[in-house]
Amino acid sequence: MDAFPAGLTEPARLVITGTLLMGASGLPGLFLKKSPTEGQLCAALLVVLGSLMGLFGALATILTEQTATYTLASTLPFGPCAIGIDPLSAFFLIPVCIVAACCAVYGTGYWPAAQHPRTAPRLSFFFGLLAASLALLPLARDGVLFLVFWEVMALAAFFALATEDWNREVRDAAKIYLVVTHIGTLALFATFSLLRTGGDSFAFPGAATLDGTGPLATAIFLTALFGCGMKAGMMPLHIWLPGAHASAPSHVSAIMSGIIIKMGIYGLVRILSFYDTVPAWWGIVLLAAGIVSSILGVAFAVGQHDLKRLLAYHSIENIGIIVMGIGVALIGRAIDMPGLVLLGMAGALLHVLNHALFKSLLFLGAGAVIHDAGTREIDRLGGLGRRMPWTAALFLTGAVAICGLPPLNGFVSEYLIYLGFFSGVVSGKGAAVPLLGLAAPALAMVGGLAVLCFVKVFGTVFLGLPRTTEAAACHEPGWAMRGPMVFLAILCAMIGLAPVALPRFLEPALFTWNPQLAFAGEGLADAAPLGWVTILGALLVLMALGIGIVIRQRLQAAPRGTTGTWDCGFARPTTRMQYTASSFAEMLVKLFAGVLRPKSHQPEVRSLFPVGGTFASHVPEAVLELVITPLLTAADRRLSLARRLQHGQLHLYILYIFVTLAILLAWAY
Amino acid sequence: MNTVADQLIVLVMLINFAALGTGRLAVAIRAVALQGVILGILPVLIHSFSWHLVAITVGLILAKGILIPSLLTGAITKARITREMEPFIGYVPTLLIGAVLTALAFAFAAKLPLAPAHQGLLFVPAAIATLLTGFLLLVTRRKAISQVIGYLVLENGIFLFGLLLTEAMPVMVEAGALLDLIVGIFVMGIIINQISREFSSIDTSRLTALKE
Amino acid sequence: MTDAVIHILLTLLMPPLLLGIIGKTKALFAGRVGAPILQPYYDLAKLLRKGSVFSDTTTWVFQAGPVVTLAATLTASFLIPLGEHRAPLSFSGDMVLFAYLFGLARFCTTAAALDTGSSFEGMGAAREATFACLAEPALFFSLAVLARLSGSLSLTPMLTGTVATSWLNSGASILLLGGSLFIVLLVENCRVPFDDPTTHLELTMIHEVMVLDHSGPLFGVILYGAAVKLFVLGALFTDIALPYATGITLVDWGLFIVAMLMLAIGIGVVESVMARLRIVKVPQMLAAACILAAFSLLLVLR
């Protein structure tokens, strides 16, 4: 207890030390200019070490259900800063540590310093900083510190994302990300300033200590929803997300999609925990926003044919599912149904963890493909399953998990959220019930669309025959890249097959979020019979194995031939005639054309003997290209007068500052 | 409330969807005719017997179930149009909007300050839903004839609402409203014929050219 | 216990019979004698003994697809009550697992279809996946209605006992629900008017085109799996449409079997008297099914 303040207990010490290790992991690499590979390995090692410490600290915090807060009583201008750990923070630390470690190891194979001597040290440094800020963010116990970590996270992510800064597409995506993330931060400034009114410090209030009624609470809720929703990528606020996730190096995409957007969720969950009573409309707003976000997110994903953009849109979908869970929990609090709170929030928190696992698995798998094939275009790949059997099987695991299908982890969290919907429909009352009734079919539709989308991706990329020579030349990545994926896939299967252990980890976090739940007497195991999920999952696996063995015997007993695929009598099919991802999705994209606004460029047939032509179709980022950009362009035209204020004359700028100061002084007076 | 009437009202609301979802004008006309007949039967089911009621029922069935539909069918045969070609909003989206409007109708009905006897009845939401469906048809369809259908659905909605008050409604008022409607349809039918003869199209969106 | 054994035996043995009856009904409508009612059993036995031919494009996914599909369908069959008898396994929220197991089955079937690299199979897979996106909400609307009416979160209490009283109390919503579920049943099992299991034109098929390249025992597994799926979803429908029970176990099992046979005849009649819808019309029908079920939910929530 000497090096650390006595207020911090053992698990907290582990977490803080781990975080420092992660934050410092890139430093040696910056000085080891001569041997970048050693620097990178050292960075990866430090991140893994830090993550392990953080993970153990987090697990210990949850299992012992302890809460520790420490106040740095320094004379900062904003007052004392508080740092602390409780089961809710610790629950968010679990995915942070797992994904950070996996991505760090993966990075050594994906972006080897030997091939990228200039960018690799920089990437390692910012990656470590990013991981550290992500681990520290849930520990912040006051608004100022929260915003500091939030900003470090945003900037570190920006630099990690802009690694390939010679590429125009990457620069554009990074710029949009930077602007949007700061707009979100601005909203959070407002949130924390509003939270301070009434109190005299920025320190977070305790759980369930504020009153949720009244205009102040409404303002705090709305600004927090905007700020956190922007970070989380909820539907109309998601404009930065697809570009940023697609342009970053794959392991950075994995951590962005797996963790960074979850910090938006963390912020929202933490702020909501301050409130004792919440009005029902908060829950209704969140539930509706979740429905919109998930359906539109997955619909846009179906239209994409850039592998990473597609996965990025699925992040929007999954954030929608998480927000639906939070909405159910808030509705449950408003209409006083603890079961609903338990199911909704448990589903949301578990989905945070699950999505972190399978989405980073998918991004890492996509990275393995892109790394070798050199393209993100799904329609230029194909048949990779033969050349990369490991990657294919692992990607398939992630795909089944993200579709929420049994027996993997995605099902468990969606199951909890569904149970919340149905219990609300059965015994709920008030205006929220019809919306809960609508939410279940909406989530079912999301599930169906996700299946369509991932069958499309998996089928086009890994099955069939290679469509290009690059795709035909792909080979399995090394263990540095494969290992993390195997680890993540095992975790997905474990959570999916043995969810009985989950209440032990979820309940402390839930009770921290809303202490009244602990007194309600109902545990998660009573509300959701997770043991049955295990039984049915085992039954499914055993049945598949049994049928598989029988069929295998039958196949071996009888003669077996090989021939070409049935081509309907056409003599010379080529591999490019295979069904592409775009054609697979076409029917659905047409159904959703009103929202997706697909664009296609087709050759015009003018004469009886048409010459060759090209056909291209794509689904643009509708909100950005059809709403935001035209709005900004219009604003740009209208506000050209105001631009005269920006003329480069230094003394006039100083005058502005002076005038502002004078006005503020006058106002204060 | 007696269940047969409830089932019939549900049927009325389903017919709204049929009218929204079909592109064939003949089907839409028949659907609205059926709706009219059901509305004609309803008063007998919910109020006690009186000659006044019988008169209204017979009048309604004749007017809404036979007279108006035959007029409309005549109009579409003369104008040689069988289907609404290009609605402003597609059929599936209008169906979905219709579903949302119906849901909203239920929400509104729960909020309306009604007489205690009328609270919780299926009549009120059904009336509002039918009214809104009529509006939706009027807004989204191009052909004048589809707009007449929309107008009919709208009127059915108003009638459904009025059903709650039938006993208080004198025969003359009822007959007057019907007469109004029939005259309106006549005029529309004649206009449609004239327009289609003159312009070889009854697309109302082209009528904007007449504004000068 | 006896009930559970009968449940499992019926689920395993009866499904091909339904196909036989549908075929016979259609033959009678067409004025033919038709294949024997037990023909699907003969087909399965023959396929299991046959050798198989694999496309050289395919990988293990192609072989695993049918196996997992059948396993998922059979697992789902444990959750559905047959007639008035409770399902062998029942717990709160099992309807979600029930629906998602069919999702898993669909994932595997469509992935196996894409493994061949054939455009036809891709087309069928795309249609199957697209239509399912619209059928799923209808199913979940119906489940929400059933949950509300029965006040429970599990298929067994939802479908046994309370349905008959629900018919009396909220007949309109049950009727709408039944209509919606019948459409879902036909779509999910790829029957006319949504898909024609007997057509011979690759371009127009949905389910049959996905399995063009399967042969031998694996094709047998697919046919059997499709039959079980028809049986399980058919049981869901008959539980709602014919909820009458006497209370005597054996008579009730007899009633259930009769109900299923009637359903098979009903499907046969629909297939005989209806033409196939154009593919572009299918989403409209499915949207209609969703609206029916949503409307039904609105009525019970009111």
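When you look at residue C:84, is it over 20 Å from residue A:444 (Cα atoms), more than 18 Å from the chain's Cα centre (by Cα), at the interface with chain A (Cβ under 9 Å from one of its Cβ atoms) and charged (D, E, K, R), yes or no?
In short, no.
Within the bounds of region C:70-80, is there any residue that is closer than 15 Å to residue A:444 by Cα and out of contact with any Asp or Glu (no Cβ under 9 Å at 6 or more places or on another chain)?
Scanning region C:70-80 turns up no residue that is closer than 15 Å to residue A:444 by Cα and out of contact with any Asp or Glu (no Cβ under 9 Å at 6 or more places or on another chain).
Output the residue which, of all residues in region A:87-108 that are among the hydroxyl-bearing types (Ser, Thr, Tyr) and out of contact with any Phe, Trp or Tyr (no Cβ under 9 Å at 6 or more places or on another chain), is surrounded by the most Cβ atoms within 10 Å (Cβ to Cβ).
Restricting to residues being among the hydroxyl-bearing types (Ser, Thr, Tyr) and out of contact with any Phe, Trp or Tyr (no Cβ under 9 Å at 6 or more places or on another chain), the top hit is A:106.
All but one of (1) of a type in the set (Ser, Thr, Tyr); (2) within 14 Å of chain A (Cβ to nearest Cβ); (3) over 25 Å from residue A:461 (Cβ atoms) hold for residue C:57, so report the exception by its number.
(3)
Which fully enclosed helices (runs of 4 or more DSSP H) of region A:528-620 have 2 or more residues being modelled with pLDDT of 90 or more and at the interface with another protein chain (Cβ under 8 Å from one of its Cβ atoms)?
Working: elements: A:530-557, A:581-591, A:593-596.
Of the helices (runs of 4 or more DSSP H) lying wholly inside region A:528-620, those with at least 2 residues that are modelled with pLDDT of 90 or more and at the interface with another protein chain (Cβ under 8 Å from one of its Cβ atoms) span A:530-557, A:581-591.
Please work out which one of (1) surrounded by fewer than 16 Cβ atoms within 10 Å (Cβ to Cβ); (2) on the phi < 0 side of the Ramachandran plot; (3) away from chain A (no Cβ under 12 Å); (4) without any contact (Cβ under 8 Å) to a residue 24 or more places away in the chain is the condition residue C:31 fails and give its number.
Of everything listed in (1) surrounded by fewer than 16 Cβ atoms within 10 Å (Cβ to Cβ); (2) on the phi < 0 side of the Ramachandran plot; (3) away from chain A (no Cβ under 12 Å); (4) without any contact (Cβ under 8 Å) to a residue 24 or more places away in the chain, residue C:31 misses just condition (2).
For region A:501-533, which positions are more than 20 Å from residue A:356 (Cα to Cα) and open to solvent by 40 Å² or more (accessible area, probe 1.4 Å)?
Across region A:501-533, the qualifying residues are A:511, A:515, A:516, A:518, A:519, A:520, A:521, A:522, A:525, A:526, A:532.
When residues of region C:280-291 are filtered for being more than 8 Å from every other protein chain (Cβ to nearest Cβ) and open to solvent by less than 50 Å² (accessible area, probe 1.4 Å), how many remain?
Filtering region C:280-291 down to residues more than 8 Å from every other protein chain (Cβ to nearest Cβ) leaves C:280-282, C:285-286, C:289.
When the remaining residues are screened for being open to solvent by less than 50 Å² (accessible area, probe 1.4 Å), the result is C:282, C:286, C:289.
Residues that pass the stated criteria total 3.
Each row is one residue, and each column tells you yes or no for (1) surrounded by 23 or more Cβ atoms within 10 Å (Cβ to Cβ); (2) within 7 Å of chain A (Cβ to nearest Cβ); (3) among the β-branched types (Val, Ile, Thr).
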{"site": "C:27", "(1), (2), (3)": "no, no, no"}
{"site": "C:39", "(1), (2), (3)": "no, no, no"}
{"site": "C:42", "(1), (2), (3)": "no, no, no"}
{"site": "C:53", "(1), (2), (3)": "no, yes, yes"}
{"site": "C:63", "(1), (2), (3)": "no, no, no"}
{"site": "C:72", "(1), (2), (3)": "yes, yes, no"}
{"site": "C:76", "(1), (2), (3)": "yes, no, no"}
{"site": "C:91", "(1), (2), (3)": "no, yes, no"}
{"site": "C:95", "(1), (2), (3)": "yes, no, no"}
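For residue A:336, which of the numbered conditions (1) within 20 Å of residue A:295 (Cβ to Cβ); (2) not in a helix (DSSP H, G or I) fails to hold?
Tallying (1) within 20 Å of residue A:295 (Cβ to Cβ); (2) not in a helix (DSSP H, G or I), residue A:336 fails exactly one: (1).
Could you grab the pairs with beta carbons closer than 8 Å, sequence gap of 6+ or different chains, first residue in region A:264-277 and more than 11 Å from residue A:228 (Cα to Cα) and among the aromatic types (Phe, Trp, Tyr), second one part of a helix (DSSP H, G or I) and open to solvent by less than 10 Å² (accessible area, probe 1.4 Å)?
A:275/A:217
Quickly run through region A:426-466 and pick out the residues that are surrounded by 24 or more Cβ atoms within 10 Å (Cβ to Cβ), within 7 Å of another protein chain (Cβ to nearest Cβ) and more than 21 Å from residue C:103 (Cβ to Cβ).
Result: A:464, single match.
Taking the stated definitions as given, is residue A:185 within 24 Å of the chain's Cα centre (by Cα), of a type in the set (Val, Ile, Thr) and buried (at least 21 other Cβ atoms within 10 Å of the Cβ)?
no
Report the residue count in region B:62-106 for those that are open to solvent by 20 Å² or more (accessible area, probe 1.4 Å), at the interface with chain C (Cβ under 10 Å from one of its Cβ atoms) and of a type in the set (Gly, Ala, Ser).
3
In region B:21-41, what residues are closer than 12 Å to residue B:61 by Cα and over 15 Å from the mean Cα position of the chain (by Cα)?
Once the filter is applied, which keeps residues that are closer than 12 Å to residue B:61 by Cα and over 15 Å from the mean Cα position of the chain (by Cα), region B:21-41 yields only B:41.
For the list (1) closer than 25 Å to residue B:18 by Cα; (2) modelled with pLDDT of 75 or more, I need the number of the one condition that residue B:113 fails.
All conditions are met except number (1).
Of the residues A:210, A:195, A:216, only one is in contact (Cβ under 8 Å) with a residue 24 or more places away in the chain, open to solvent by 40 Å² or more (accessible area, probe 1.4 Å) and of a type in the set (A, V, I, L, M, F, W, C); which?
Exactly one of A:210, A:195, A:216 is in contact (Cβ under 8 Å) with a residue 24 or more places away in the chain, open to solvent by 40 Å² or more (accessible area, probe 1.4 Å) and of a type in the set (A, V, I, L, M, F, W, C), namely A:210.
From the set of residues in region C:138-151 that are facing chain A (nearest Cβ under 7 Å) and either of a type in the set (Lys, Arg) or more than 16 Å from the chain's Cα centre (by Cα) (or both), which is farthest from residue A:585 (Cα to Cα)?
Looking at the filtered set, the residue picked out is C:151.
State the number of residues belonging to region A:29-45 that are open to solvent by 40 Å² or more (accessible area, probe 1.4 Å), part of a helix (DSSP H, G or I) and not acidic (Asp, Glu).
Summing the residues that are open to solvent by 40 Å² or more (accessible area, probe 1.4 Å), part of a helix (DSSP H, G or I) and not acidic (Asp, Glu) in region A:29-45 gives 6.
Suppose the filter is buried (at least 20 other Cβ atoms within 10 Å of the Cβ) and within 14 Å of another protein chain (Cβ to nearest Cβ); does residue B:28 pass it?
Numbers: buried (at least 20 other Cβ atoms within 10 Å of the Cβ): yes; within 14 Å of another protein chain (Cβ to nearest Cβ): no.
Answer is no for this residue.
Does residue A:488 fit the bill of being in a helix (DSSP H, G or I) and under 27 Å from residue A:103 (Cβ atoms)?
In short, yes.
Test residue A:117 against the stated conditions and say whether it is open to solvent by less than 10 Å² (accessible area, probe 1.4 Å) and either within 26 Å of residue A:256 (Cβ to Cβ) or part of a helix (DSSP H, G or I) (or both).
When the stated conditions are applied, residue A:117 does not pass them.
Between a first residue in region C:257-268 that is in contact (Cβ under 8 Å) with a residue 40 or more places away in the chain and a second residue that is open to solvent by 20 Å² or more (accessible area, probe 1.4 Å) and in a helix (DSSP H, G or I), which pairs have beta carbons less than 7 Å apart while being 6 or more apart in sequence or on different chains?
From residues that are in contact (Cβ under 8 Å) with a residue 40 or more places away in the chain, the pairs are C:261/C:21; C:263/C:237; C:264/C:21; C:265/C:21; C:268/C:21; C:268/C:26.
Which residue out of C:158, C:123 is within 7 Å of chain A (Cβ to nearest Cβ) and among the aliphatic types (A, V, I, L, M)?
Only one candidate passes the filter, namely C:123.
Just to verify a result, which residue in region C:192-226, among those that are under 20 Å from residue A:587 (Cα atoms) and open to solvent by 20 Å² or more (accessible area, probe 1.4 Å), is farthest from the other protein chains (Cβ to nearest Cβ)?
Result: C:196.
Do you know which of the residues in region A:380-425 that are outside any helix (DSSP H, G or I) and at the interface with another protein chain (Cβ under 10 Å from one of its Cβ atoms) is farthest from the chain's Cα centre (by Cα)?
Step by step, filter region A:380-425, then rank; the result is A:383.
The values are calculated or read from the model by the stated rules, or taken from the named source; none is laboratory data. All figures in this text were calculated on a predicted structure; none of them were measured in a lab. Neighbour counts run over all protein chains shown; Cβ positions are idealised from the backbone, glycine included. Areas reflect the complete protein model, heavy atoms only, side chains present, ligands, DNA and RNA absent. Shrake-Rupley method; radii C 1.70, N 1.55, O 1.52, S 1.80 Å.
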